[in-house]
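First comes the structure, then the notes that go with it.
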Amino acid sequence: MAEATAAGRVARTRRHRRRHRDRAGYLFILPWVLGFLIFTAGPMIASLVLSFTDYSMIRPPTGVGTANYRELLSDPRVMKSLSNTFVYAAMFVPLGTVVALALALLLHRVGRAAGFFRTAFYLPVMTPAVAAGAMFLLLLNGQQGLVNKVLSFVGIAGPNWTTDPNWLKPSLAIVSLWSLGGAVVIYLAALQGVPRQLHEAAQLDGAGPIRRFFVITLPMISGAVFFTVITHTIAAMQMFDQAYTMFYGPQQKANASDESLVYMVYLFQNAFQYFHMGFASAMAWLLFVIIVVITVVQVKVGNHFVYYEGGEPK
């Protein structure tokens, strides 16, 4: 009887400690949950409701059913901005992945100074995108820009980066490389986790550095590459700050071209310049669906090529 009583007390003590631990855990995540509900889930639900209304922020919203979504399909600027965004993403994601991986490989070989260069490469991420856009607007000026002046020293006539319709999206992709510091740090961490014994064994078998990179290094860091490709794609589809600063600021608005109109800029114009909040909300949900579809496709395809801890793709 005494043993049963003691066992009951132990069980009650364990349950009490578990409840106390659970309450502490809930209290720790409560700020995040409140922030998510107030600043993410709440606005998303509100925008979904507004997407079925005609709302100008001056008059109360009135229901219009699916009229905003039908207008999306008939508005040529929606399709043009979406096309421009896809082209920009197709340029930036592969270029950004290659450049970030190349920088990480260089840092991996630096040795003791890697910490300094890692910080230096990451600092641009902390720079406001508007400031970076204004800086590159000066650097890429077709007549007086530093980039074209440097190119002229080697006999290359630089293009009009920010006014030539053929160079608007490539220039935006180049500017976006400024903020690759996060991907560089991720790749560097992945490279440092590649077992050195694998390289040594392959080198003894006569494999050169290029073959070792494609046979050993790239498969071992494929998870990091997979992650950054997805995040870069999502970021590219939501490009706004630098595009708006470079092509739609007070000084550039008169020369703005539909070739530089990315989706988020047109969404912003509808929401805060034309005050078509219902239509802008429908645009936001269209973009959300597109990003979800692209991400699902990337995950399905990428899982066949990514090597996980077991050493085999899923």
So in region 202-221, with the set limited to residues that are touching a helix residue (DSSP H, G or I) at 6+ places or on another chain (Cβ under 9 Å), of a type in the set (A, V, I, L, M, F, W, C) and farther than 14 Å from Ala104 by Cα, which one is surrounded by the fewest Cβ atoms within 10 Å (Cβ to Cβ)?
Val215
Single residue of region 42-100 satisfying the filter (aromatic (Phe, Trp, Tyr) and assigned to a helix (DSSP H, G or I)) that is nearest to Val184 (Cα to Cα):
Phe92
When region 48-86 is checked residue by residue, the ones that are surrounded by fewer than 14 Cβ atoms within 10 Å (Cβ to Cβ), closer than 25 Å to Leu168 by Cβ and among the β-branched types (Val, Ile, Thr) are none
Given the criterion under 18 Å from the mean Cα position of the chain (by Cα) and in a helix (DSSP H, G or I), identify the matching residue among Ala173, Ala190, Ala201.
Ala173
Does Thr127 satisfy the condition of being assigned by TED's automatic domain parsing to the domain that holds Tyr88, in contact (Cβ under 8 Å) with a residue 60 or more places away in the chain and polar (S, T, N, Q)?
no
Just one of (1) of a type outside the set (Gly, Ala, Ser); (2) over 28 Å from the mean Cα position of the chain (by Cα); (3) under 30 Å from Val262 (Cα atoms) trips up Met126, so point out which.
(2)
For region 109-127, give me each residue that is out of contact with any Gly (no Cβ under 7 Å at 6 or more places or on another chain), under 23 Å from Phe213 (Cβ atoms) and either surrounded by 10 or more Cβ atoms within 10 Å (Cβ to Cβ) or among the hydrophobic types (A, V, I, L, M, F, W, C) (or both).
Val110, Ala113, Ala114, Phe117, Arg118
Look at Lys149 and say whether it is charged (D, E, K, R), assigned to a helix (DSSP H, G or I), surrounded by 19 or more Cβ atoms within 10 Å (Cβ to Cβ) and in the same structural domain as Ile221 (by TED's automatic domain parsing).
no
Among (1) of a type outside the set (Phe, Trp, Tyr); (2) under 30 Å from Ala224 (Cα atoms); (3) modelled with pLDDT under 90; (4) touching a His at 6+ places or on another chain (Cβ under 8 Å), where does Gly25 come up short?
(4)
Taking region 270-308, which residues are without any contact (Cβ under 8 Å) to a residue 12 or more places away in the chain, within 18 Å of Ser56 (Cα to Cα) and in a helix (DSSP H, G or I)?
Ala271, Phe272
Search result, residues across region 187-212 that are touching a residue at least 12 places away in the same chain (Cβ under 8 Å) and small (Gly, Ala, Ser)
Ala189, Ala190, Gly193, Ala202
Give region 216-230 a look and list any residue that's under 16 Å from Val99 (Cβ atoms) and hydroxyl-bearing (Ser, Thr, Tyr), or say none.
Thr228
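The values are calculated or read from the model by the stated rules, or taken from the named source; none is laboratory data. This is a predicted model, so every value here is computed, not measured. All Cβ positions, even for glycine, are placed from backbone atoms using ideal geometry, and neighbour counts span all protein chains on display.
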